[in-house]
Amino acid sequence: MADNSGNILDNQTDENIVCATENDNNQTKTPGIPLSRKLCYAIGGMPYQMTSNAKGFFMQIFLLDVVKMGAFSASIILFLGRAWDAITDPLIGYTVSKSGRTRMGKLIPWIVFSMPFGVLSYIMLWYTPQDTMSPAFSFCWFFTWCCLFDTFMSCYHVPYSSLNMFLGGSERDRDSATGYRMGMEMFATLAGATIQGQIVGVYHARRSQACSLQNETEVPAGNLTVSLDDISETLQNTRRAYLTAALVLGMLYLLCCLVLFIGVKEQLAPLSKLDRINMSYLTGMKMVVCHIPYVRLVFGFLFASLAFQMAQGNFALFCTHAADMGAYFQHLVLILLTAATLSIPLWQTLLVKLGKKTTIFIGLSSYIPALIVISIVRSNLPVFIIMSVLAGTSLSALYLLPWSMLPDVVDDFKVKNPSCQDLEPLFYSCYVFFNKFGGGMSVGVSTLVLHFVGYKPGACRHNPEVIYSLRMLFAPVPICLLLVGIVIFYFYPINEERRLQIQKALRKAGTENGIKEEELSL
């Protein structure tokens, strides 16, 4: 009787495996991700993009021309702030992995409880406490708030990005959720730049006009005095405008976090139980950085991100001082980001039809002609608009494709290392680490170069070495970095065939684990 029962149980188990496999192949077993959950998840990614891109486009010119900080001190803040941010990401990722599950989940509590501190530190980052500050006090103030904001934003963004693996549904549903997320994040980038640009851009335009009056040698002395008074008044208004923009973005930060908390619940994934990990930090990091597909994806993303962020960080200064487009740069930023937002569906469609690896080659390559034309042409608004559209289209590919490829790499690791579970926060935190480190390197090095060539904060005119450096930092250097990134992506090993094999292995592993758990319950 015992043997017959065992045979019956084995036969039932085999039948269950066959049926489960057939259901997986027909994509009928795993329920899809509801549209409401995708949208709430996507909205949760808006705060990071709104604030980080506002910093990327405006922090350099804010420190140099509004706070009147020296270029060397500004470069230290921008570089060390990003370096601190990058270093904390893996540590926060490990801490999140070590944390246990609560009734709210494992990842969402980190997102919710870090939000108030992130909002406060972002507002203080754009607040100038005194009209005139000593260089030491000014440096300490902005460096402290920069590090605090980046730390709290890491506590928000690392678990948020890891949440992509725990939304439920199939791999195709997860890619769809990533598409919704990137579309919403590009919209957030546009919204943040619109809010920041429209509030502060008018004062930058007035300052450019005042500088134009001051630079006219035929202007009488009386008019010159008025011009200097106008510059001082405009500076005060500009500082208040930056703080107003920070308050608005801070409120949006809070609302987006609330939507995420209400609309998203964590779901278990194959070979992941959202439990505490038992390995040490160094052991976990070693396993992550030794995974070859992950390393190649990360370094390709690093160099591509370096290229885009270097061009982005110098765009305002380039338009203002090298291209005579200072009165229009905030409008060009809006055009670029609008094009990026609208082109997300295009890249999502190409991703499905051509594959992720082919699509990223097309997307990144289209950025090169845009940089070349913008760096050559001077004072030609229609050409700048057309090239900004092309650059924005390429920017959306950088946002969508690497983040869509990262879950495939994590799945590949899980298939090859089934005994190592719940390392998703480490994977995502290291990914964010290299992105932020690249941003800090690009902006910090750019500002340091401007210091050595004689950039004068607040000056209306600059020497030819400054103009030449801005042109080099805006186009030739980013193009070289981008080409390196494209070459690394060429050696990325997960193509469409390999991706399908990974998903098949994951479905099989998930089915077997489900049957084992059912047997244990019996």
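Which trypsin sites (Lys or Arg not before Pro) in the stretch 451-503 pass both tests, a DSSP loop state and at most 15 other beta-carbon atoms within 10 Å? Present the calculation step by step, with values, prior to reporting the outcome.
Values: sites: Arg461, Arg471, Arg498, Arg499; in loops: Arg461.
Those satisfying the criteria are Arg461.
What's the whole-number percent of alpha carbon pairs in the stretch 425-490 lying beyond 18 angstrom? Before the final figure, lay out each step's value.
Numbers: 1122 of 2145 pairs.
Considering the stretch 425-490, 52 percent of its Cα-Cα pairs are separated by more than 18 Å.
Assuming 1.567 mPa s and 4 °C, estimate D for the stretch 134-176 with Stokes-Einstein, Rh taken as the Kirkwood radius over Cα pairs, in µm²/s. Walk me through the intermediate numbers first.
On the way: Rh = 13.0 Å.
Rounded to a whole number, D works out at 100 µm²/s.
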- Divide, for the stretch 96-173, the radius of gyration over alpha carbons by 2.2 N^0.38 Å, where N is the residue count. 1.51
- Query: In the stretch 332-461, carbon and sulfur make up what percent of the accessible area (probe 1.4 Å)?
  - Reply: 72
- Task: Any lysines with Cα under 19 Å of the Lys68 Cα? List them, leaving off those in the same chain fewer than 8 positions away.
- Result: Lys55, Lys456
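Mind ranking 138-150, 187-199 by how tightly packed they are, going by the mean number of other C-beta atoms within 10 angstrom, highest first? Write out the running numbers ahead of the final one.
Numbers: 138-150: 20.6, 187-199: 22.4.
Order by mean packing, descending: 187-199, 138-150.
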- Message: Against the empirical 2.2 N^0.38 Å scaling, what ratio does the C-alpha Rg of the stretch 339-492 come to?
- Response: 1.27
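Sorting check: for 33-42, 302-311, which peptide has the highest mean count of neighbouring beta carbons within 10 Å, and how do the rest follow? Intermediate results must be reported in sequence, preceding the final value.
Numbers: 33-42: 18.5, 302-311: 25.3.
Highest mean packing first, the order is 302-311, 33-42.
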- Extension gain, Lys456 back to Ala136 (0.36 nm per residue minus Cα-Cα distance, nm): 113.4 nm
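Order Phe152, Phe413, most accessible first, counting only protein heavy atoms with a 1.4 angstrom probe. Write out the running numbers ahead of the final one.
On the way: Phe152 55, Phe413 5 Å².
The residues order as Phe152, Phe413, largest area first.
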- Query: In square angstrom, rounded to the nearest 10, how much accessible surface does Ile386 have for a 1.4 Å probe?
  - Reply: 110
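Given a 1.4 Å probe and heavy atoms of the protein chains only, how would you sort Asp173, Asp89, largest accessible area at the top? Write out the running numbers ahead of the final one.
On the way: Asp173 35, Asp89 0 Å².
Per-residue accessible area, sorted high to low, gives Asp173, Asp89.
Can you bin the stretch 59-108 into rounded, prolate or oblate? Criterion: square roots of the alpha carbon gyration tensor eigenvalues sorted a ≥ b ≥ c, rounded for a/c under 1.5, prolate for a/b above b/c, oblate for the rest.
Working: a/c = 7.54, a/b = 2.95, b/c = 2.56.
Since a/c reaches 1.5 and a/b is larger than b/c, the shape of the stretch 59-108 is classed as prolate.
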- Query: Measuring from a point 7 Å past the Cα of Arg378 along Cα-to-C-beta, which residues in the stretch 321-335 have an amide N at less than 13 Å?
  - Reply: 321-325
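Can you work out the FRET efficiency for the pair Tyr490 and Arg172, with r the C-beta to C-beta distance and R0 = 30 Å, to the nearest 0.05?
On the way: r = 26 Å, r/R0 = 0.85.
In this case the efficiency is close to 0.75.
How large is Rg over Rh for the stretch 314-401, taking Rg from the Cα atoms and Rh as the Kirkwood inverse mean of 1/r across Cα pairs?
On the way: Rg = 13.8 Å, Rh = 13.3 Å.
So for the stretch 314-401, dividing Rg by the Kirkwood Rh gives 1.03.
Filter Lys356/Lys504; Lys98/Lys356; Lys286/Lys436; Lys356/Lys414 down to the pairs with a C-alpha to C-alpha distance above 22 Å, please. Kindly include the intermediate steps, with their values, before the conclusion.
On the way: Lys356/Lys504 18 Å; Lys98/Lys356 32 Å; Lys286/Lys436 20 Å; Lys356/Lys414 20 Å.
Exceeds cut-off: Lys98/Lys356.
The values are calculated or read from the model by the stated rules, or taken from the named source; none is laboratory data. Bear in mind that the values here come from a model prediction, so they are computed numbers and not experimental data. Positions of Cβ are generated from backbone atoms using ideal geometry, with glycine treated the same way; all protein chains shown enter the neighbour counts. Heads up: the accessible areas ignore ligands, DNA and RNA and are worked out on the full protein's heavy atoms, side chains in. Shrake-Rupley method; radii C 1.70, N 1.55, O 1.52, S 1.80 Å.
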